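Notes follow the structure.
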């Protein structure tokens, strides 16, 4: 396999990153509409629009900011380069930025009910599809793992076998999706699906980042620090979430 794996559509040859990113957004929105029809919505339509707007804007800001601070040296050298400033993003930053923005919107509008459960399955599907595009994009996407001697190591084109970290994430998300479907409405508290998703995903990313190349800041990467901060935020809910998973 030669990376990046361009996708042919008639006379067109398209980069996999853009194809799968577009597909991820499409499927995520489709899954959201599907979930809303099936489960209903704990908030009215206007409030949901505000929540979604906050999630999108906060996500866009968050995914750029965390990407920029991943490598402080590169940021200091290229801070005036628009290509650098707009060229990268990270899902962890997007989730955190979206969470902060949604909580701010809800506080401003006096919304006290949890609103994230409807977004769990769409997020899982969208992230998994997007990661396939990351894998097919090769080294340029900067989501690959470090060198490995394991038999499933992947040569992205430079003769070095690396952990296919993107595929590890797809496999993890498939398991997480199955868990969420199994638990369904069994969770006792509204909002626990989203909390469980965030705790599970941040725990996975905290672990998998150890086998991905990154700039160390105090012994771990900026993404890992962000994961730890998120897990600390949800720490008061973890005993209940663990109990619900064990008995679900």
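Each value in this text was obtained by applying a stated rule to the coordinates, not by laboratory testing. Small disclaimer: the values here were computed from a predicted structure and weren't measured. Neighbour counts are summed over all protein chains in view; Cβ atoms, including those assigned to glycine, are modelled from backbone coordinates with ideal geometry.
Numbers below:
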| quantity | calculated |
| --- | --- |
| Degrees separating the helix 16-39 axis from the principal Cα axis of the chain, which is the longest one | 10 degrees |
| Distance between the stretch 154-174 and the stretch 85-149 - C-alpha centres, whole angstrom | 19 Å |
| FRET efficiency, residue 19 to residue 232 (Cβ-Cβ, R0 30 Å, nearest 0.05) | 0.25 |
| Option label - Rg/Rh (Cα atoms, Kirkwood Rh) computed here, alternatives (i) 0.97; (ii) 0.94; (iii) 1.00 | (i) |
| Burial ranking of peptide ranges 9-21, 225-237 (average Cβ count within 10 Å, highest at the top) | 225-237, 9-21 |
| Crossing angle, helix 45-69 versus the chain [Cα axis fit, 0-90 degrees, rounded to tens] | 30 degrees |
| Packing-based ranking, highest mean first, of 28-41, 126-139 given that Cβ atoms within 10 Å are counted | 126-139, 28-41 |
| Computed helical MRE - 222 nm, the chain, DSSP H runs ≥ 4 contributing -39500 (n - 2.57), nearest 500 | -21000 deg cm²/dmol |
| Ranked 1, 202, 180, 238, criterion: other C-beta atoms within 10 Å, fewest first | 1, 238, 180, 202 |
| Relative contact order of the chain, pairs being alpha-carbon contacts under 8 Å that are 6 or more residues apart, as % | 22 percent |
| Cβ crowding within 10 Å averaged over residues, with 93-100, 59-66, 157-164 ranked highest first | 93-100, 59-66, 157-164 |
| Ranked list, fewest to most other Cβ atoms within 10 Å of each Cβ, for 43, 92 | 43, 92 |
| Fewest-first sequence of 199, 51 by Cβ atoms within 10 Å of each Cβ | 199, 51 |
